[in-house]
Every structure is written in C-alpha cells, then in structure tokens.
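Report on the structure given below.
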Amino acid sequence: MRTLFAAAFAALLLAAPAAWAQNAAGANASKHGIGVVDISYIFKNHAKFRATMDGMQGEMKQIETQLEGDRKAIMGSEEQLRALKPGAPEYSTLDDQITQQKAQFQLKMTRLRKDFLEREAKVYYDTFQEVDQAIAYYAKNRQIGLVLRFNGEAPDPNVREDILRAINKPVVYQDQIDITPDVLAMLNARAGGQAAQPAGGAVAPPATATRPTARQQ
C-alpha cells in the first residue's frame, strides 16, 4: 500500500513541481523544516472522499425509505388488529404475525445501519491513510522534518465547542508554513478530479492561495 501511494505521489510531484514551488507557504515550510496542515479542511475538500460520502448519503436515504415502508406495514397490521376482538383465533394469529414483523424489522434495521456505519468508517480510514501518506511524501520531498496539525477555521464566539477547540488548539501561532493547499491539490490530482467545492459552494482555494493562519483565528 505504501509503495503504491509513494509511486503515485512521486509522479504527481515530478509532473508539476513548478506549480507547487510557487506556493510561498510550502516554500517557507521547506525553509524552516516545519509545516502545518489542516486535516479537517482537506477532508471537506477532498474530491474523491466527498463524492463517496455523497453517494453513501444517497444510500442512507434509500435505507430510510425502505425502513419507513416496513414501519407503515407494521402500523397497518396493528390497525387491523384493533378491529378484531381480543381472544378470537384470527386476533391471536395476527398478533403473533405483528410480533414477528417487529422482531424482523428490528434485526433488519440493525443490520443495515451496522453495515452502513462499517462502510462509512472504512471510507474515513482509507481516506486518512491516503492523506497521511500524501503529507509524509510531500514533507520528505520538501525537507520538512515536522508537520503539525492545526485548524484554520475561525471559531464561532457563540458556540461553546468552537471556543474550547480554539483554546485547546495545538498550534497557537504559525507564519506562512501551511502546506494544506499543496497536499489537497496533490490528492485531488491523484484522484483525477478537480478540486472539490467546500461547504457553502465557494470554490476551494488553489495551491497558491493564502489560507487563514492560526494567529488569525
């Protein structure tokens, strides 16, 4: 796996070294031997990851539609049961059927959701492995000895979780050593797609764009 990643990223680096060399932040990271990367931003704008997750969300809607149909069938049976006289043979028969329907529905719902969550987890894991390999390969080829994770998104002063995240952020200050655009461009180029659009519809910044620094949060 590592060999395949390395070969793919090597081809990309050799194919367009001039474009990435124009990124001042990447050049500064090489100069100082330290870089920072926004993993959350990469996941939000990773073209292949987003396409896969969009497809899985479509699958989840289909699952919910299917389960809703089963729920309505059970409710219909319960409506029929209320019209029968308790103790009658047909009442007991239908009551047993409803019990079986509910048990089968619960098993089906648990199985479908478990399968979905397992596949979703694998997508996250595989994408992280790809991102991790891209960062490592980029750093080695740019003589960057240390890459730290940071979050370039400004916290919402009205959201407690955002404020705590800002307080506990590992990178308090960084000055133009953000290699996120380069890594994202490399990942999307490897996938053969264009840069994804971040939430809100704005076009993701190219490799030469300036992103918010930790001190601007």
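Below is a table of values for the structure above.
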{"read-out": "Single residue of GLY201, GLY192 found to be modelled with pLDDT under 90, out of contact with any helix residue (DSSP H, G or I) (no Cβ under 9 Å at 6 or more places or on another chain), assigned to a loop (DSSP other than H, G, I, E, B) and on the phi > 0 side of the Ramachandran plot", "value": "GLY201"}
{"read-out": "Residues located in region 46-84, provided they are of a type in the set (Gly, Ala, Ser), under 25 Å from PHE105 (Cα atoms) and loosely packed, with under 14 Cβ neighbours inside 10 Å", "value": "GLY55, GLY58, GLY69, ALA73, GLY76, ALA83"}
{"read-out": "Of the criteria (1) surrounded by fewer than 14 Cβ atoms within 10 Å (Cβ to Cβ); (2) at pLDDT 95 or above, which one PHE43 fails", "value": "(1)"}
{"read-out": "Qualifying residue in region 153-163 (condition: touching a strand residue (DSSP E or B) at 6+ places or on another chain (Cβ under 7 Å), over 15 Å from ARG50 (Cα atoms) and modelled with pLDDT of 50 or more)", "value": "no"}
{"read-out": "Any pair with Cβ under 7 angstrom, 6 or more apart, that starts in region 78-105 at a residue that is over 24 Å from GLU64 (Cβ atoms) and free of Cβ contacts under 8 Å to residues at least 60 places away in the same chain and ends at one that is surrounded by 10 or more Cβ atoms within 10 Å (Cβ to Cβ) and among the acidic types (Asp, Glu)", "value": "LEU81/ASP95; LEU84/GLU90"}
{"read-out": "Any hit, region 161-176, residues being assigned to a helix (DSSP H, G or I), more than 21 Å from PHE128 (Cα to Cα) and of a type in the set (Asp, Glu)", "value": "yes"}
{"read-out": "Filter result (surrounded by fewer than 15 Cβ atoms within 10 Å (Cβ to Cβ), closer than 22 Å to LYS44 by Cβ, among the aliphatic types (A, V, I, L, M) and in contact (Cβ under 8 Å) with a residue 24 or more places away in the chain) within region 138-161", "value": "LEU148, ALA154"}
{"read-out": "Candidate set: region 109-136, residues that are among the acidic types (Asp, Glu), more than 11 Å from the chain's Cα centre (by Cα) and farther than 21 Å from GLU64 by Cβ; chosen: the one surrounded by the fewest Cβ atoms within 10 Å (Cβ to Cβ)", "value": "ASP132"}
{"read-out": "Members of region 170-184 found to be closer than 18 Å to ILE42 by Cβ and surrounded by 15 or more Cβ atoms within 10 Å (Cβ to Cβ), listed by number", "value": "VAL171, GLN174, ILE177, ASP178, ILE179, THR180, PRO181, ASP182, VAL183, LEU184"}
{"read-out": "Residue in region 62-80 that is among the acidic types (Asp, Glu) and within 24 Å of the chain's Cα centre (by Cα) present", "value": "yes"}
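Each row is one residue, and each column tells you yes or no for (1) touching a Ser or Thr at 6+ places or on another chain (Cβ under 6 Å); (2) part of a helix (DSSP H, G or I).
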{"residue": "GLN101", "(1), (2)": "no, yes"}
{"residue": "THR110", "(1), (2)": "no, yes"}
{"residue": "VAL123", "(1), (2)": "yes, yes"}
{"residue": "TYR137", "(1), (2)": "no, yes"}
{"residue": "GLU153", "(1), (2)": "no, no"}
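The values are calculated or read from the model by the stated rules, or taken from the named source; none is laboratory data. From a predicted model like this one, the values you see are computed outputs, not experimental measurements. All Cβ positions, glycine included, derive from the backbone under ideal geometry; neighbour counts span all protein chains shown.
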